[in-house]
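Report on one structure; see the data block that follows.
The values are calculated or read from the model by the stated rules, or taken from the named source; none is laboratory data. Because the structure is predicted, anything quoted here is derived from the model rather than measured. Here the Cβ positions follow ideal geometry from the backbone for every residue, glycine too, while neighbour counts run over all protein chains shown. The accessibility values were calculated without ligands, DNA or RNA, using every heavy atom of the protein model including side chains. Shrake-Rupley method; radii C 1.70, N 1.55, O 1.52, S 1.80 Å.
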Amino acid sequence: MNLILLHANELVWQGDSDSRIESAEAVLNGRRFLHIQSVHKAEIGDLLRVGVINGSTGTGAVKKIDSNSITLNVILHQHEPPCPLPVTLILALPRPKMLRRIIQSATSMGVKKIVLLNSYKVEKSFWQSPYLEPASIEEQLILGLEQAVDTVMPEVILRKRFKPFVEDELPDLAKGKRCIVAHPDQQAQLCSASNTETLLAVGPEGGFIPYEVEKLNNVGFETVTLGKRILKVETAVPVILSKLF
């Protein structure tokens, strides 16, 4: 945890409203408390790096430590978060445990919009996973932000029908952007770097079926490959993002 993220409603401001940029208190328990205890090994007076979701970063001075909570005196400063990647990730819904890792890694790399999409090879049971509950998704996003010292929460969209999304929504999303679909096809060109706004579509294990690739191509998606080696989705996503940007 390189940044301790706080929700705005966890801050209790000291003094009148004009003093909000100066000092607030936050009482933390659960995962963050345990991490501060076991990893940071914080003591009274120690300074920790903190940030408010979709807000500023600053420092949190340890004011009090109880058996199951820690109180921080928080001072926030104006802050420019790390630059986001100019990419929207369209991801065929992977296996639930893999999804958690992908969301974390994509978030830590700066992806700010993720579309989880159905496709032919996605098992129906995946859509029933508790990992798709908003609270579970938010937990993975926060873990990625904490890793990257970022405060800007990504947007995650669920689309359970492939064809309506590709035909009705994707054309508008694709306007003015570079559109690529990563696919294990040895005839496709190699993925190349670009700093332009990009839509990146990544299929399930084994890739999109030909019909799905064709539908994406019809919208203007260019098929690219990472080479002869076929990677798992959780490996392919960060590799492609690194190669693109």
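For the pair the range 65-131 / the range 158-206, the C-alpha centres are spaced 19 Å from each other. Per-residue accessible area (protein heavy atoms, 1.4 Å probe) orders His77, His7 as His77, His7, starting from the largest.
Based on every Cα atom in the range 95-180, Rg and the maximum pairwise Cα distance Dmax equal 13.8, 37 Å.
Calculated [222 nm] ellipticity per residue, helices only, for the chain: -7500 deg cm²/dmol; basis is -39500 (n - 2.57) per DSSP H run with n ≥ 4, divided by all residues, nearest 500. Once the 1.4 Å probe is applied to the protein heavy atoms, the chain comes out at 52 Å² accessible per residue.
The number of Lys pairs in the range 28-186 with C-alpha atoms less than 19 Å apart, excluding pairs fewer than 8 positions apart on the same chain, is 15. Among beta bridges from DSSP that stay inside the chain, the antiparallel ones total about 40%. A Cβ-based charge dipole, computed about the Cα centre of the chain with Lys and Arg at +1 and Asp and Glu at -1, lands at about 920 debye. Sequence-distant contacts, meaning Cα pairs under 8 Å at least 6 residues apart, place the relative contact order of the chain at 19 percent.
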